[in-house]
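Participant: Below: one structure in structure tokens.
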């Protein structure tokens, strides 16, 4: 018969106690890039949304005042059937939210437009602003007419780095971090 020693009982008790602090629904396995629209007249522009990006735990972390950022990565490659694809450009920008607990409002910054300090009390408006890219201008040096190109988009959610001691005390916060898969869109200008 299996016998538990005092040390094993203590270890199991500690693990169960710590598991209460680790969020069970923090993973966003279903988050994905969706509703992608690309236009290239006169400039190349992309619009998209991240679907299923927020869980209750992420919402609670934001509401506690923890600054949180979505980083969007857009890559443009010229497709080459004989050799590796040629990178034409790579763009990164962030959407950052911080909740002001005293004013009970969200403050959002959008890097691609340069807008800082967008304020709202509506959680749904905050979510929409955080996950939506509208007419993002992509400015490659030169597109060859008739050549095939592939536009790839990905999003990452990262909680802002905390001060040294808090980073170790709140190690479980990293569980909320996630990234979507790459969304690919092929076109010929």
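Participant: Put a dot 7 Å past each Cα toward the Cβ at residue 125 and residue 92; how far apart are the dots in nm?
Facilitator: It is 3.1 nm.
Participant: Using Cα pairs closer than 8 Å and at least 6 residues apart in sequence, work out the relative contact order for region 32-187, in percent. Mind showing how you got there, number by number?
Facilitator: Working: 296 pairs, mean separation 42.2, N = 156.
With pairs under 8 Å counted, the relative contact order is 27 percent.
Participant: Mind putting together the pair-distance distribution for region 32-187? All Cα pairs, 10 Å bins, whole percent per bin, short to long.
Facilitator: All Cα pairs, binned at 10 Å, distribute as 10, 37, 30, 16, 7, 1 percent.
Participant: Rounded to the nearest 5, what % of DSSP beta bridges with both residues in region 32-187 are antiparallel? Before the final figure, lay out the partial values.
Facilitator: Details: 50 of 50 bridges.
For region 32-187, the DSSP antiparallel bridge percentage is about 100.
Values quoted throughout were computed directly from the atomic coordinates according to the rules given, and no laboratory measurement underlies them. Note that the structure is predicted; figures quoted are calculated from it, not measured. Note that each Cβ is placed from the backbone with ideal geometry, even for glycine, and that neighbours are counted across all protein chains shown.
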